[in-house]
Amino acid sequence: MTIRALDLAAPAVRSLSPYVPGKPISELEREYGVTDSIKLASNENPLGPGPKALAAIQSAVGDLGLYPDGNGFALKQALMRHHRCPMESIALGNGSNELLVMIAEAFLTPAVSAVYSQYAFAIYAIATHATGAMKRVAPAYPEGHRMALGHDLDAMRDLVDADTRLVFIANPNNPTGTWLEAGPLRRFIESMPPHVLVVVDEAYRQYASVPDYPDVAEWVADMPNLIVSRTFSKAYGLAGLRVGYALSSPEVADVLNRVRQAFNVNSLALAAAEAALGDEAHLARTVELNRAGMAQLQDAFSRLQMRQYPSACNFLLVDCGKPAGPVYEALLRRGVIVRPVGGYGLPNHLRITIGTAEQNERMIAGFRDILQGS
Ligand SMILES: *Cc1c(COP(=O)(O)O)cnc(C)c1O
C-alpha cells in the first residue's frame, strides 16, 4: 500500500515550508571534508553556558529517571523574583519558539489574522500559517531610513482590523538587528483595540544596550494585551536545552497553559535556566565579549565597504552587493558557517553571529579573501 501523506495532511500543513536552521558544524564537516570549523550562524553564545548553569545541570542529572516538574515551580519562583511579577503571569516553553507556536495555536483560527513586519523573525509566519490564519505582512522601513529593514509600526497599525488577533514584534529583530524605542512601542501597544494581543519577542534583549530600549516586562502589569517572550538560548548560552518563558496577564498565561504540553520543559533545562538567571557575572562577560566583537565586525565590514545594518543584537546583517550564495559557499569551504537570509527576501545579505575575537577574525579574513578574489 502506498499512502500520499501530503494529500492527507491538513490544508495549512500541506503548504507549510519548514524553518531552515543554520547549518550544524557536524553537517558541514561531513559534506565538505573540512575540520576545525566555526559556526557563526545561529546567534548562540560563543562562551556557552555559565559555570552556575553547568553546575546545576550536573546536580540535576541524578533525577533524570523522573519526570520534570510540569509546573516548573522553582524556575517560576526565580523568574517571579527577577521580574517582581506574580507567578500566574509566567508560562514556560521549550524554547521561546514553542511559546510563539502556543500563542498562535491558542489565539489564531482561519477566520482571523496575525500582523507582523516584513523581515521579521521567520517563526511568526510559520506559526501563523500552521493555524490557517491570515498573514498580514507590513512593509519594513526602506533603505535610507535610519532603521532600514526594521519594523514600521505605523505600517503595522494600518493592517490591524476587526479580524486581527495577534501582532508579532521582535525587539530587537532577527535577522535585521534593528530595534524599537520605548515611546513609539508603548504608544503602538496602547493604540491596539481590546481584541488584539501584542507579542513582543525579546530574544536578544540582554544585548540591546541602545538608548531608549524599553523594558517591556515592566509594562505587563498594566497592559493586559501584552505578551513578552524571552529565551535562555541566546545570551544565557543554553540553546541546546530549549527553554524560554512568556510574561503576560494571568488570564493570557492561563490560556497558554491550556495548550502547553504537560512536561514541555525538561528537568535539566529547568535547573540550568534557574541557575543562569542568577549568574550575572556570566551574563556580563557575554555582553562585554559581544560589545567588543560587534565593534570588531563593524570596523572590518566598513573597511570592506560593505553595507551593514544597525544592530542591537549579537549578530550583524551585511549586504554583499551581489548574490550572497557564492560568498556563503566560499566561507563554508573555509570552515566558516554564517547565515544566508534569502528565505527572508534578502538574497544579497548574510547574517553573521558575533563570536570570540579569534572566530571573528577568521570569518573576516575569509570575507577579505573572497571579496578581493584571492
Ligand atoms: C532565536 C530566536 C528565538 C527563539 O529561540 P528559542 O531557542 O526557541 O528560545 C525567538 N525569537 C527570535 C527573534 C530569535 O532570534
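So what is the relative contact order of the chain, in percent, for Cα pairs below 8 Å that sit 6 or more residues apart?
Working: 727 pairs, mean separation 87.9, N = 374.
Computed value for the chain: 23 percent relative contact order.
In whole Å, what is the distance between the alpha-carbon centres of the range 67-81 and the range 327-357?
Answer, in whole Å: 37.
Who wins for biggest fluctuation among L99, L185, L350 in a Gaussian network model of the chain, springs between alpha carbons below 10 Å?
Top of the fluctuation ranking is L185.
Setting aside same-chain residues fewer than 8 positions from K322, which aspartates and glutamates have a Cα under 20 Å from its Cα?
E143, D369
Indicate, rounded to the nearest 5 percent, the antiparallel portion of the DSSP beta bridges found entirely in the chain. Mind dumping the intermediate values first?
Numbers: 18 of 37 bridges.
That works out to approximately 50 percent antiparallel.
Name the shape class, rounded, prolate or oblate, that the alpha-carbon gyration tensor gives for the range 145-293, where a ≥ b ≥ c are the square roots of its eigenvalues, rounded holds for a/c under 1.5, and otherwise prolate holds if a/b is larger than b/c and oblate otherwise. Intermediate values should be presented prior to the final figure.
Details: a/c = 2.14, a/b = 1.20, b/c = 1.79.
Since a/c reaches 1.5 but b/c is at least a/b, the shape of the range 145-293 is classed as oblate.
Using the crude model of +1 on Lys and Arg Cβ and -1 on Asp and Glu Cβ, and no other charge, please compute the dipole size for the range 166-281 relative to its Cα centre, in debye to 20.
Value, rounded to 20: 420 debye.
Work out the length of the dipole vector of the chain about its Cα centre, built from +1 on the beta-carbon of each Lys and Arg and -1 on the beta-carbon of each Asp and Glu, and round it to the nearest 20 debye.
On the way: 33 positive and 37 negative charges, 133 e Å.
About 640 debye.
Work from the charge dipole of the range 6-81 (Cβ charges, +1 for Lys and Arg, -1 for Asp and Glu, about the Cα centre) and give the residue of G72, L28, L47 farthest towards its positive end.
Of the options given, the answer is G72.
Under the 0.36 nm per residue contour assumption, what length would be gained going from the current alpha-carbon distance of M1 and Q58 to full extension? Walk me through the numbers on the way to the answer.
Details: separation 57, 0.36 × 57 = 20.52 nm, distance 4.84 nm.
Answer, rounded to one decimal: 15.7 nm.
Rounded to the nearest whole Å³, what is the per residue volume of the convex hull around the Cα atoms of the chain?
Values: hull volume 61.1 nm³, N = 374.
It comes to 163 Å³ per residue, whole-number rounded.
Could you give the Stokes-Einstein D for the range 42-114 in µm² per second, using the C-alpha Kirkwood radius, 20 °C, 1.002 mPa s? It would help to have the intermediate numbers written out before the result.
Details: Rh = 15.4 Å.
Translational diffusion coefficient: 139 µm²/s.
Check the straight Cα-Cα distances from K39 and name the lysines below 17 Å, setting aside those fewer than 8 residues away within the same chain.
K23, K234
Please label the shape of the range 302-374 as rounded, prolate or oblate, based on the square roots a ≥ b ≥ c of the eigenvalues of the alpha-carbon gyration tensor (a/c under 1.5 means rounded; beyond that, a/b larger than b/c means prolate, else oblate). Could you put the intermediate results ahead of the total?
Details: a/c = 1.35, a/b = 1.07, b/c = 1.26.
The shape class here is rounded.
How large is the dipole of the range 49-114 about the Cα centre if only Lys and Arg carry +1 and Asp and Glu carry -1, each at its Cβ, rounded to the nearest 20 debye? Write down the numbers at each step before the final one.
Details: 4 positive and 5 negative charges, 66 e Å.
Computed about the Cα centre, the dipole is about 320 debye.
Towards the positive end of the charge dipole of the chain, with charges on Cβ (+1 Lys, Arg; -1 Asp, Glu), say which of Y19, H83, L331 has the farthest Cα.
L331
Only the coordinates and a few stated rules stand behind these numbers; no lab work does. Owing to the predicted nature of the structure, the values given are computational and were not obtained by experimental measurement. FYI the Cβ positions are ideal-geometry reconstructions off the backbone, even for glycines, and counts take in every protein chain you see.
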